[in-house]
């Protein structure tokens, strides 16, 4: 303890830093010097108040910052322990996504670039599995300074998220109703999908059939299914919903609407094999744009938000912690595939 206190005392003559910063930097110096190592227990707040003489709230603030940097973990009734020696990290961020889809890869790469090297990001995937989501939340609870989460839209999730302070949680991608002081950057699916399909009505009606691939037990937004069913009813379109695309079942004069890319790649493979002309023999619409869809087969028509913009705004929230509640715009990119 004496060596740690010496590190803190050595900073007391530097009047440009606050008292809580003296404590934080003193502990960081102790870690860098090897005085403190992973697994070591820090002096209790009461001990530090007695030895150093600063107010209790000053030490609480300092220990909280060390927790947010991912250097310290508090164990109930046992105290504070060193869990990392990566002292160059400003903040430790937990990023929880559905799965590693190409569009979520775009989000992650931009998010990481915008935050820079001083922010440590751990990424987790819940695959719309409630049990897995709860396990992840249990494992990461109180270990991160910031949480950026794409939530499962289920009532069981809300109580788990409310355990995180509002200024440390950002919900992304899917909207989930939370208290008014929580932040989100989400998509809206039902009305916007319906509107975009209406815009495409003349193109869709070139075909005899309109097929949506939709898996009930998946990370597909159910609002897209509702929008599709409403559209085919309102506009008298011969539409149907199938769970999977089976290889070699491609039909001419049919437009296909794919949410996940697995179905899309199978359709494109069979279209090439059958020498079907895209936009004439068959039509394709898909969700979530990326550079491959912009180029493949002369371009695939997409309905998509801009995940890079979402990621940049998420990074700004992590850095500044200002309340944001935003539904991101969704774009229709009409290309040769329809």
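For the reader, a short list of remarks on this structure follows.
- Count - residues of the stretch 98-122 that are out of contact with any strand residue (DSSP E or B) (no Cβ under 9 Å at 6 or more places or on another chain), modelled with pLDDT of 85 or more and surrounded by fewer than 17 Cβ atoms within 10 Å (Cβ to Cβ): 3
- Per-region count, the stretch 69-89, residues under 20 Å from the mean Cα position of the chain (by Cα) and surrounded by fewer than 19 Cβ atoms within 10 Å (Cβ to Cβ): 0
- Condition met for residue 307 (buried (at least 18 other Cβ atoms within 10 Å of the Cβ) and either out of contact with any strand residue (DSSP E or B) (no Cβ under 7 Å at 6 or more places or on another chain) or over 30 Å from residue 168 (Cβ atoms) (or both)): yes
- Test: residue in the stretch 151-159 that is without any contact (Cβ under 8 Å) to a residue 12 or more places away in the chain and out of contact with any strand residue (DSSP E or B) (no Cβ under 6 Å at 6 or more places or on another chain): yes
- In the stretch 252-262, the residue that is farthest from the chain's Cα centre (by Cα) out of those that are modelled with pLDDT of 90 or more and under 17 Å from residue 288 (Cα atoms) is 256.
- Among the residues of the stretch 182-193, those that are part of a helix (DSSP H, G or I) and buried (at least 20 other Cβ atoms within 10 Å of the Cβ) comprise 192, 193.
- Residue 317 being within 17 Å of residue 172 (Cα to Cα) and in contact with a strand residue (DSSP E or B) (Cβ under 7 Å, 6 or more places away or on another chain): yes
- Residue selected from the stretch 148-181 under the condition in a loop (DSSP other than H, G, I, E, B) and either within 15 Å of the chain's Cα centre (by Cα) or not assigned by TED's automatic domain parsing to the domain that holds residue 106 (or both), by the criterion surrounded by the fewest Cβ atoms within 10 Å (Cβ to Cβ): 153
- Residue within the stretch 207-224 that is over 26 Å from the mean Cα position of the chain (by Cα), in a loop (DSSP other than H, G, I, E, B) and either outside the structural domain of residue 127 (by TED's automatic domain parsing) or buried (at least 19 other Cβ atoms within 10 Å of the Cβ) (or both) present: yes
- Residue in the stretch 293-301 that is under 23 Å from residue 197 (Cα atoms) and in a strand (DSSP E or B) present: yes
- So residue 233, is it without any contact (Cβ under 8 Å) to a residue 40 or more places away in the chain, surrounded by fewer than 19 Cβ atoms within 10 Å (Cβ to Cβ) and not in a helix (DSSP H, G or I): no
The values are calculated or read from the model by the stated rules, or taken from the named source; none is laboratory data. Quantities reported herein were computed from a predicted structural model and do not represent experimental measurements. No Cβ is skipped: glycine too gets one built from the backbone with ideal geometry, and neighbour counts run over all protein chains shown.
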